[in-house]
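What follows is one structure encoded as structure tokens, with my remarks underneath.
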Amino acid sequence: MAGYNLAIVGATELTGQELIKILQSRRFPVNNIKFLTNPAQYVPGRRVFFSGKDFEVPEITSRAFKEVDIAFFCGDAETAQHFAPIITEFGCFVIDVSGAFRGDEKVLSIIPEINAEELQQLKKKRLVASPSPAVIQLSLPLNTLRQWTSLRRLIVHSYEPVSESGHSAVEFLTTEARTVLDGKNVIPHTYHHQIAFNLLPETENFLDTGLTRSEARIIREIKRLWRMPELNIAVTAIRVPLYQGMSQSIIVDLGKKVTPDEMREVMGDTPGVKVSDDPSVNLYPQPWQSINTDDIVVGRIRELDSNYNTMAFWSCMDNLRKGSALNAIQIAESASRLKLV
């Protein structure tokens, strides 16, 4: 694999920092690298470290992407919406992790373990979206299973940590927890209600349908990724008072009878998925154990209703790593393998 000139926009954001760590740990071939930030996040003198060197983090400009082979957009979606289409004109391969293009039907949405080969459809506008972390966590464990049998219905509860809302939410959770422990009243800031020692059944604003924007987006992304527009899927997204680590409780009606052991075997053979499931010794996935790991961990696999071939399972994932930064880097690795960059 040849070395590449890279740019990371939002390098000081949570996903940007995780991306920097993974680039080094996976020894992604880098010739030159630039770290950029959007104007609202710019702090004079701020620097980041990469491969033993420290780099200045200037404000983003379109000129900064000349001679850049691959650009990662993390953090601010508005910045990605403005700059990403422009810099593809320079021949730059753009991977959006900000969420700016997840709803754009004209932009490929890629999970390399599922649909890396679709990258070959790219033409002049080489812009790719990394799906929502919740979509990655939901789709990977079920991907091999859905090819073995059919999926008739999905009921998903997604328990999402505050790091999904960025640095400020992480800091505010700490502040709120201290306030509550001091016996004082919390004044909500990042969310509509107190998040410390609490759960909120909304992760974004509500739509007229009663769904939140994130729930509607998850449903839309899953149907598009699997090309299953008629899939019966219900999603509830819940904000939980954890810094990092996303969990999901999933109920699925299958097209044929599948035993828990068969489901464990199929999921265990699925790339990007690890089975951790032995109730006799209280072995099951936990969000804190998923942090800094590359796999989605599944467990609590069980049958609920044999009449409808209804199965259930629980999964945990590092939302910043596997759900965001790692998927973006795997897209870049796939593009390199396919000789698109």
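The values are calculated or read from the model by the stated rules, or taken from the named source; none is laboratory data. Owing to the predicted nature of the structure, the values given are computational and were not obtained by experimental measurement. Don't worry about glycine lacking a Cβ; one is built from the backbone with ideal geometry, like all the others, and counts go over all protein chains shown. For the accessible areas, the whole protein counts, side chains as well, though only heavy atoms, and no ligand, DNA or RNA atoms are used. Shrake-Rupley method; radii C 1.70, N 1.55, O 1.52, S 1.80 Å.
A few points about this structure:
- Filtering segment 89-111 to residues that are under 21 Å from THR37 (Cα atoms), out of contact with any Asp or Glu (no Cβ under 9 Å at 6 or more places or on another chain), part of a loop (DSSP other than H, G, I, E, B) and in contact (Cβ under 8 Å) with a residue 12 or more places away in the chain leaves VAL97, GLY99, PHE101.
- Filter result for the condition that a residue is over 23 Å from the mean Cα position of the chain (by Cα) and more than 17 Å from SER139 (Cβ to Cβ), over THR259, THR203: THR259
- Residue in segment 226-270 that is surrounded by the most Cβ atoms within 10 Å (Cβ to Cβ), counting only those that are more than 29 Å from PRO201 (Cβ to Cβ) and among the hydroxyl-bearing types (Ser, Thr, Tyr): THR270
- Residue match in segment 296-306 (condition: under 21 Å from LEU231 (Cα atoms), at pLDDT below 95, part of a helix (DSSP H, G or I) and open to solvent by 50 Å² or more (accessible area, probe 1.4 Å)): yes
- Filtered residue count, segment 133-155, keeping only those that are β-branched (Val, Ile, Thr), assigned to a helix (DSSP H, G or I) and open to solvent by 10 Å² or more (accessible area, probe 1.4 Å): 1
- In the set (1) open to solvent by 30 Å² or more (accessible area, probe 1.4 Å); (2) at pLDDT 95 or above; (3) outside any helix (DSSP H, G or I); (4) more than 25 Å from SER130 (Cα to Cα), PHE172 fails one condition alone, (3).
- Subset of segment 146-200 (residues that are touching a residue at least 12 places away in the same chain (Cβ under 8 Å) and among the basic types (Lys, Arg)): ARG146, ARG152, ARG153
- Single match in SER98, SER158, SER163, SER130 (criterion: within 20 Å of LEU338 (Cβ to Cβ) and surrounded by 21 or more Cβ atoms within 10 Å (Cβ to Cβ)): SER130
- Being part of a helix (DSSP H, G or I), open to solvent by 60 Å² or more (accessible area, probe 1.4 Å) and in contact (Cβ under 8 Å) with a residue 40 or more places away in the chain is a description that applies to TRP288.
- So ILE114, is it open to solvent by 30 Å² or more (accessible area, probe 1.4 Å), part of a helix (DSSP H, G or I) and at pLDDT 95 or above: yes
- Here segment 117-127 is the region considered, the condition is being in contact with a helix residue (DSSP H, G or I) (Cβ under 7 Å, 6 or more places away or on another chain) and outside any helix (DSSP H, G or I), and the residue that is most open to solvent (accessible area, probe 1.4 Å) is LYS125.
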